[in-house]
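Chemist: One structure, pasted below without further comment.
The values are calculated or read from the model by the stated rules, or taken from the named source; none is laboratory data. None of these values were measured; they are calculated from a predicted model. Heads up, the Cβs are rebuilt from the backbone with ideal geometry, glycines too, and the neighbour counts pull from every protein chain shown.
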Amino acid sequence: MLRKKISILLILSMCIGMFLISESVYAKPKNPEDDLYHQIEIFSDAITAIQHDYVETVASKDIIYGALKGMLSALDPYSQFMDPDTFKELQVETEGEFGGLGIEITIRDNLLTIITPLDGTPADRAGLQAQDRIVRIDAKITKDMTLTEAVKLMRGKPGTDVKLTIMRESEESFKEIVVTRDIIEIKAVRNAKLLKDNIGYIKLTDFSEKTKSDLDLALEKLSQDGMDSLIFDLRNNPGGLLISSVETVSEFLPTGKLIVYTKGREQKQNVEYRATGQTKFKDMPLIVMINGGSASASEIVAGAIQDHKRGIILGTKSFGKGSVQTVIPMRDGSALRLTTAKYYTPLGRTINETGIIPDISVNAEPPRENKQAKKETNVFDKMEDKNNLNNENDALPEDIESIDGSMPEKNIKEQENEEEEFIRDDNQLRAAINLMNGIKIYKALPKTN
């Protein structure tokens with residue numbers, strides 16, 4: 001009888017033990033940390049299965065690197081894993097000259113997307129546009145291609161061609177565009193001139209370390225020429241350095257005004273950037289022009305001007321790239337490029353994926369056909385070439401000032417015609433000029449009680 005009771009107790013204890021083991025295996029994790037460990041076990045199981053059952057032998061590093069690339073790409077379009085070779089390219093300046101196309105790219109909706117073609121570059125001359133989707137680079141399809149891989153394919157020896165197959169929203173079929181690589185030289189201030197009625201015009205192409213000094217010179221020169229208002233053109237400006245955008249907005253806002261702030265999960269990632277220095281342009285009538293190629297630092301400038309009601313934003317919605325990436329080195333020489341914070345305008349609006357909506361929406365219209373033969377370079381390239389002539393024999397008679405310092409009548413007329421052509425072919429700029437004239441007329445009206 002005693003043996004029978006002992007046997008029953010042993011069976012019961014075994015059943016209870018099996019139930020407890022089952023509970024421990026299948027029970028849901030109690031907290032996020034337990035969930036992470038549980039997922040790591042699945043990851044480990046997958047690696048083991050690949051090593052034992054995959055049809056070919058695969059190096060452990062290749063498995064891990066592939067997993068890391070997928071892991072980072074699953075977060076957002078701007079986070080990525082960089083193998084040691086890719087990371088070195090960011091750290092060390094490569095000797096020699098490399099030709100590029102002059103485009104800023106990103107991944108949007110899982111497609112390689114052009115943020116903007118930079119003005120005056122091969123991409124711009126070839127007709128590439130902001131928001132074009134690149135589906136093939138030469139013979140390689142871009143599906144699942146990283147930004148780094150795409151850049152490597154498009155970079156090459158100056159003078160060589162690369163064929164891009166693009167998909168454009170306004171067109172039903174794919175379009176093939178051949179672009180000839182060239183050395184890309186970017187000028188922060190692409191153009192600065194005084195238009196009719198003392199309206200200043202500045203075209204800014206990027207935000208770099210030289211942007212502030214170049215912008216200061218342009219503003220001072222236009223001011224000396226009689227500028228009483230400014231059209232600030234940020235169309236197709238892909239951005240650049242955060243501090244450069246802060247310095248730019250500081251030209252137009254009073255000291256201490258909030259320009260932008262970043263916010264992340266860690267307290268150290270929450271930073272405010274405010275206007276610094278004194279400027280004489282903080283009250284000047286201002287219009288900022290943007291479009292779908294205006295991104296990052298351009299959106300910071302437009303957002304700050306808009307939130308403080310300092311000027312009017314005109315054009316079309318900007319690209320919507322408003323996040324901060326931090327490079328985190330790994331022990332084997334690789335690195336993570338990880339999104340750690342987002343940009344917010346002074347009123348707390350997020351820029352990322354949303355962009356800046358203009359106060360006045362004006363869609364771009366294609367330029368009218370010129371009766372004369374089309375020129376490969378625009379008006380301002382020609383003017384810059386004339387100003388940079390080093391050989392006296394290269395200067396044409398009409399380009400030389402007369403003894404008393406005045407310009408020959410023919411040259412003045414040519415410049416006026418070039419300016420008219422420049423404005424005529426840009427309906428958004430025409431709208432900005434008309435708006436600025438209206439603002440100036442309104443400001444000049446006598447105040448009533």
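Chemist: For residues that are closer than 18 Å to Ser173 by Cα and modelled with pLDDT under 90, scanning just segment 117-133, find the one that is surrounded by the fewest Cβ atoms within 10 Å (Cβ to Cβ).
Modeler: The selected residue is Gln131.
Chemist: Now, a different point. Among the candidates Ile42, Ile47, single out the residue that is at pLDDT 90 or above, among the aliphatic types (A, V, I, L, M), surrounded by 10 or more Cβ atoms within 10 Å (Cβ to Cβ) and in a helix (DSSP H, G or I). Spell out how you get there, then give the answer.
Modeler: On the way: Ile42 fails: surrounded by 10 or more Cβ atoms within 10 Å (Cβ to Cβ).
Ile47 is the lone residue from the list that is at pLDDT 90 or above, among the aliphatic types (A, V, I, L, M), surrounded by 10 or more Cβ atoms within 10 Å (Cβ to Cβ) and in a helix (DSSP H, G or I).
Chemist: Do the conditions hold for Ser223, that is, is it surrounded by 15 or more Cβ atoms within 10 Å (Cβ to Cβ), over 23 Å from Gly355 (Cα atoms), without any contact (Cβ under 8 Å) to a residue 60 or more places away in the chain and of a type in the set (S, T, N, Q)?
Modeler: Values: surrounded by 15 or more Cβ atoms within 10 Å (Cβ to Cβ): yes; over 23 Å from Gly355 (Cα atoms): yes; without any contact (Cβ under 8 Å) to a residue 60 or more places away in the chain: yes; of a type in the set (S, T, N, Q): yes.
Yes; evaluated as a whole, the condition is true for this residue.
For every residue, the table says whether it meets (1) surrounded by fewer than 18 Cβ atoms within 10 Å (Cβ to Cβ); (2) of a type in the set (Val, Ile, Thr).
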{"position": "Asn110", "(1), (2)": "yes, no"}
{"position": "Ile115", "(1), (2)": "no, yes"}
{"position": "Val135", "(1), (2)": "yes, yes"}
{"position": "Met154", "(1), (2)": "no, no"}
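Chemist: Would you say Met289 is outside the structural domain of Arg125 (by TED's automatic domain parsing), crowded, with 18+ Cβ neighbours inside 10 Å, among the hydrophobic types (A, V, I, L, M, F, W, C) and more than 23 Å from the chain's Cα centre (by Cα)?
Modeler: Values: outside the structural domain of Arg125 (by TED's automatic domain parsing): yes; crowded, with 18+ Cβ neighbours inside 10 Å: yes; among the hydrophobic types (A, V, I, L, M, F, W, C): yes; more than 23 Å from the chain's Cα centre (by Cα): no.
Criteria not met by Met289.
Chemist: Moving on to the next point. Which members of segment 217-251 meet the condition of being within 19 Å of Tyr273 (Cβ to Cβ) and either part of a helix (DSSP H, G or I) or over 22 Å from the mean Cα position of the chain (by Cα) (or both)?
Modeler: Correct list: Leu242, Ile243, Ser244, Ser245, Val246, Glu247, Thr248, Val249.
Chemist: Which residues, counting only those in segment 177-213, are surrounded by 19 or more Cβ atoms within 10 Å (Cβ to Cβ) and in a helix (DSSP H, G or I)?
Modeler: Selection gives Thr211, Lys212.
Chemist: Another question, if that's okay. State all residues of segment 247-274 that are hydroxyl-bearing (Ser, Thr, Tyr) and in contact with a strand residue (DSSP E or B) (Cβ under 6 Å, 6 or more places away or on another chain); if no residue qualifies, say none. Explain how you work it out, then say what you get.
Modeler: Restricting attention to segment 247-274, the residues satisfying the condition of being hydroxyl-bearing (Ser, Thr, Tyr) are 248, 250, 255, 261-262, 273.
Across segment 247-274, the qualifying residues are Tyr261, Thr262, Tyr273.
Chemist: Still on this structure: Looking at (1) in contact with a strand residue (DSSP E or B) (Cβ under 8 Å, 6 or more places away or on another chain); (2) under 20 Å from Val288 (Cβ atoms), find the lone condition where Glu220 falls short.
Modeler: With (1) in contact with a strand residue (DSSP E or B) (Cβ under 8 Å, 6 or more places away or on another chain); (2) under 20 Å from Val288 (Cβ atoms) applied to Glu220, the lone miss is (1).
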